[in-house]
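Right, one structure below, let's go through it.
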Amino acid sequence: MRNVYTVKQVNAYIKNMFTQDFMLNRIYIKGEVSNCKYHTSGHLYFSLKDESGTIACVMFAGQRSGLSFRMQEGQQVIVLGSVSVYERDGRYQVYAKEIVLDGAGLLYEKFIKLKKELEEMGMFAPEYKKPIPKYVRTVGVVTAPTGAAVRDIINITRRRNPYVQILLYPALVQGDGASESVVRGIRALEEAKVDVMIVGRGGGSIEDLWAFNEENVARAVFECSVPVISAVGHETDTTIIDYVADLRAPTPSAAAELAICNYRELLETIRTERERMHRSMRRKLEVASLHTARYAEKFRYLSPSGKLKSMRQQLADYEEQIPKAVGTGTGEDSESAGDAAASDGAESAGKPSAACNPDRTDEGTFSACQAEPGLFLCTGIGRDCKESSGCKKRRLASDLCDRRADRGTGNRYQEGVGKWQIRKTRLQKKCRKNLWKSFLQSWIRWQKSWNREILRWKSPSDCIRRAWKC
């Protein structure tokens, strides 16, 4: 066979043809920036597109001086460079030397316009954001059934909580009819009453993600009664539903982690809280038992029966002391009374005694009354009456009795009752009075303290409840 060429020879021939073409060596190309990537080596890779097609472009690090701005998706630019063939891949591309802006791109301009319109309507306001439930049982996913996003969501869900159910709505996420398919998926999962919904897809260019920049998709997400998590593209990709959704996740994997709780961490948290609750209960029970024992001891100390026993014992002691005190005083009085009676009898021996009969004379009146055996009271003496020695002694004894009566005995002397009986009676009354006074004071003090305790604790059961609340 003749004229058989290798792939390398064919690519080299084509490259040579591009190189010899004067027009392709220096050409200006106008288009919209797409798939712009800054490589770590300093090279810049992007694509230029319009309504009919795309062309790959590259700007090497040595030519970066011809770029005075940072390129972004959707920008309309004019690229100066040459068209050549990359022999290894067998495809042609533009090698850019200079890039200048030519106004905003059509898609980017449309994106900015729709974003501003929806923001003015209040669809991005935080007060319309619904909270994401912490513990979910059913998760709805609107994405392509064969993409990497759904696989990542399923794997993470099984790893974090295998008991969560996933409902997948297979939707178109790119191309014609993609936005309508996403809207139908959102409404279908809302009718299924899932706990939370994830709407998203994998990464791509702004054209690939444009279905999530449509107004009908944004309105469906805003009107959905189920909390929605947007997970479109990578972290650097931004779409309209990222602003409308209740929560934005940088990737579909991050959306699954935000929506589903970790089952093992939940079990560990429950175990920790149970132990903490048991410790707290034991501590409270110990404190309550101490309080109960303390107040039980206080109740026993302030008990009326205990106070009455103490008062009875004190009364018995007083009753034992009364006869001793009275016996000592009575013996002294009887001895002094016997001595006085003996002396009076000796002096009055052989002398007549008056019989309480008053004798009226011209000079005056004299009357005497025998109050007790051996004791006479003189009530009146005439002006000219000469007192005998016996009468004088009797008068002195009467004055002595009157002075003692003035000191407290008064006219309480009765016939047949001696001084020792009066003193005994007075001493008994005084002891009883002091005893009852002490008893009443103690009773009042106990009653006040008891009332304070009753007002404070009401009952022993209330004591336990109050100590429990501590």
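Among what's in segment 13-51 and is over 15 Å from residue 75 (Cα atoms) and in a loop (DSSP other than H, G, I, E, B), pick the residue that is modelled with the lowest pLDDT.
It comes out as 21.
So which strands (runs of 3 or more DSSP E) are wholly in segment 52-166 and hold at least 2 residues that are loosely packed, with under 14 Cβ neighbours inside 10 Å?
91-104
Between 178, 171, which is under 16 Å from residue 217 (Cβ atoms) and either among the polar types (S, T, N, Q) or touching a Ser or Thr at 6+ places or on another chain (Cβ under 8 Å) (or both)?
Every option except 171 fails the conditions.
I'd like to verify a number: residues in segment 146-199 that are among the polar types (S, T, N, Q) and in contact with an Asp or Glu (Cβ under 8 Å, 6 or more places away or on another chain), how many?
Residues that pass the stated criteria total 2.
Rundown of residues vs (1) among the charged types (D, E, K, R); (2) part of a helix (DSSP H, G or I), yes/no style:
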residue	(1), (2)
180	yes, yes
194	no, no
198	no, no
207	yes, no
217	no, yes
243	no, yes
253	no, yes
258	no, yes
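List pairs: first residue in segment 422-437 and within 14 Å of residue 323 (Cβ to Cβ), second residue at pLDDT 70 or above and not aliphatic (A, V, I, L, M) anywhere in the structure, Cβ distance under 8 angstrom, at least six positions apart or on different chains.
431/318; 431/321
In segment 233-241, is there at least one residue being within 30 Å of residue 162 (Cα to Cα), acidic (Asp, Glu) and modelled with pLDDT of 90 or more?
No, the conditions are met nowhere in segment 233-241.
Going by what's in this entry, would residue 51 be described as without any contact (Cβ under 8 Å) to a residue 40 or more places away in the chain and among the acidic types (Asp, Glu)?
It is true that residue 51 is without any contact (Cβ under 8 Å) to a residue 40 or more places away in the chain and among the acidic types (Asp, Glu).
Checking the conditions here, which among 276, 294, 360 is of a type in the set (D, E, K, R), more than 30 Å from residue 446 (Cα to Cα) and at pLDDT 50 or above?
276
Could you list, in sequence order, the residues of segment 219-241 that are assigned to a loop (DSSP other than H, G, I, E, B) and among the hydroxyl-bearing types (Ser, Thr, Tyr)?
225, 236, 238, 239
Condition first: charged (D, E, K, R) and more than 30 Å from residue 48 (Cα to Cα). Now tell me which residues in segment 184-226 satisfy that.
Scanning segment 184-226 gives 184, 187, 190, 191, 193, 195, 219, 223.
Of the conditions (1) in contact with a helix residue (DSSP H, G or I) (Cβ under 9 Å, 6 or more places away or on another chain); (2) among the acidic types (Asp, Glu); (3) in a helix (DSSP H, G or I), residue 273 clears all except one; give me its number.
Going through the list (1) in contact with a helix residue (DSSP H, G or I) (Cβ under 9 Å, 6 or more places away or on another chain); (2) among the acidic types (Asp, Glu); (3) in a helix (DSSP H, G or I), residue 273 breaks only (1).
Of these, 185, 175, which one is at positive phi and either surrounded by 24 or more Cβ atoms within 10 Å (Cβ to Cβ) or not in a strand (DSSP E or B) (or both)?
175
The values are calculated or read from the model by the stated rules, or taken from the named source; none is laboratory data. Since the model is a prediction, treat every value here as computed from it, not as a measurement. All Cβ positions, even for glycine, are placed from backbone atoms using ideal geometry, and neighbour counts span all protein chains on display.
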